[in-house]
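Just so it is clear, none of the values below were taken in a lab; they were calculated from the coordinates. From a predicted model like this one, the values you see are computed outputs, not experimental measurements. Don't worry about glycine lacking a Cβ; one is built from the backbone with ideal geometry, like all the others, and counts go over all protein chains shown.
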Amino acid sequence: MTSPNQSSRSKPHGSRFTAYAILVSAWLVGSVSLVAFFGLFVLLGSLNLVDLALGETAQLTWDALLCLVFFVQHSGMVRRSYRQWSARFIPSQYDGAVYTIASGVVLLVLVVFWQESAHTLAAPGGIVRWLLRAIYVLSVAGFAWGILALGSFDTFGLRPILDRLRGTDTPPLPFTVRGPYRWVRHPLYSACLLMIWSCPALTVDRLLFNVLWTAWIIVGTVLEERDLVAAFGETYRNYQRKVPMLVPYHLRPAQ
C-alpha cells in the first residue's frame, strides 16, 4: 500500500505521462496523415496499396463509403453534442489532440484502402499537365500563407496540452483579418479545393473523390460560418459583407 502523500504525488506524474503520450501521438499521426493525403494521394491519385478485387460499381461504392466515414468522423467530432458527451471521458485539454488522432487514422485508412478505377476520363499532357501541377504548388503555398497569417494556428490541437503542462491558460483566439483572409474568408478551404482539382489524371474514382470532397468542403464552410457568427457577432457579419467566402473575385483586398 502507498501513503496518501505518495498517491497524490503519483497522479501528476501519470497525468504528465498521458499528456506527453497524447501529444506525441497526435503530432505523429497528424503529420503522417497530412503528408500521405495531401503530399501523395491528392497529388498523385490512388496509390494502389491494397487491391480488394472489386468490380467497378463495388469499387466506387467502397470509395464513397470511405469518404462518408471520414466526413462523419471529421464533422461529427466538432459538434457541440459530441463534445458534451465526450467531456465525461476526455479532459477538455485533450479534445483537439484526440480529434487529430481520430481524423489522422481515418484519413490513413482512406489512403491505404482507396480503390482505383480502370477507366480514365482525362489525362492531359504537355503544358496543361504542367499548368495543373503549378496550380497544386501555388495552392500549397496559399495554404501555408493562410496558416502563417493566423499567427497562432494550432494544426494538431496541441496547444491546450502544452499550456496545461506549463501551468498556463489557453487564451481565446482573437478575430483578425490579414494575409489571404483579406481576399477570401476561408483561404485554407479554397487552397484545398484547388489541390483536389489539380490532379491531371482524372479517373472515374478521382472524379467521385473530387465531387464528394468539394461538396463536403462547401457544406462544412457554410456550417462553420454559423459558428463564427455566433462567436463574433456583428464583427463577423460585417466581414462577410466585405469578403467573399471561397472565391476571391475582388481584385482589391478588404481593409
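Given R₀ = 41 Å, what would the calculated FRET efficiency be for residue 141 paired with residue 241, taking r from the Cβ atoms and rounding to 0.05? Show your work: numbers first, answer last.
Numbers: r = 28 Å, r/R0 = 0.69.
With R0 = 41 Å, the Cβ-Cβ based efficiency is 0.90.
How far apart, in nm, are two points set 7 Å out from the Cα along the Cα-to-Cβ line at residue 49 and at residue 210?
Distance between label points: 2.4 nm.
Using the number of other C-beta atoms within 10 angstrom as an exposure proxy, rank 90, 22 with the fewest first.
Details: 90 15, 22 22.
So the residues, fewest neighbours to most, are 90, 22.
What does the charge add up to near residue 209, with Lys and Arg as +1, Asp and Glu as -1, over the other residues with Cβ less than 11 Å from its Cβ?
Numbers: positive: 206; negative: 63, 116, 205.
The answer is -2.
Convert 37 °C to kelvin, take the viscosity as 0.692 mPa s, use the Kirkwood radius over C-alpha pairs of region 4-242 as Rh, and evaluate the Stokes-Einstein diffusion coefficient in µm²/s, rounded to a whole number.
Numbers: Rh = 20.2 Å.
Approximately 163 µm²/s, per Stokes-Einstein.
Residue separation times 0.36 nm, minus the C-alpha to C-alpha distance between residue 57 and residue 16: what's the value? Provide the component values of the computation, followed by the final result.
On the way: separation 41, 0.36 × 41 = 14.76 nm, distance 4.92 nm.
Full extension from residue 57 to residue 16 adds 9.8 nm.
Please get the size of the charge dipole for region 4-242, origin at its Cα centre, with Cβ charges of +1 on Lys and Arg and -1 on Asp and Glu, quoted in debye to the nearest 20. If you can, show how the numbers build up before the last one.
Details: 20 positive and 13 negative charges, 194 e Å.
Here region 4-242 has a charge dipole of around 940 debye.
Just to confirm the number: angle between the C-alpha axis of helix 95-113 and the first principal axis of the chain, 0 to 90 degrees, nearest 10?
With rounding to tens, the tilt is 30 degrees.
Note the full-extension length gain between residue 31 and residue 251 as 0.36 nm times their separation in residues minus their Cα-Cα distance, in nm to one decimal.
Numbers: separation 220, 0.36 × 220 = 79.20 nm, distance 3.45 nm.
Taking 0.36 nm per residue and subtracting the Cα distance, the gain is 75.8 nm.
For a quick check of your reading of the filter: which trypsin sites (Lys or Arg not before Pro) in region 67-138 sit in a DSSP loop and have no more than 12 other Cβ atoms within 10 Å? Working shown, then result.
Working: sites: 79, 80, 83, 88, 129, 133; in loops: 79, 88.
Here the trypsin sites (Lys or Arg not before Pro) that fit, given the DSSP loop and packing criteria, are 79, 88.
If Lys and Arg each add +1 and Asp and Glu each add -1, what is the summed charge of the other residues whose beta carbon sits under 15 Å from the beta carbon of residue 184? Display every interim value, and only then the final one.
Values: positive: 178, 182, 185, 241, 242, 252; negative: 224, 225.
Net local charge, residue 184 excluded: +4.
In the Gaussian network model of the chain, springs joining C-alpha atoms below 10 Å, which of 210, 48, 238 carries the largest mean-square fluctuation?
238
Remind me, relative contact order of the chain in percent, using alpha carbon pairs under 8 angstrom and six or more residues apart? Provide the component values of the computation, followed by the final result.
On the way: 258 pairs, mean separation 69.2, N = 255.
The value is 27 percent.
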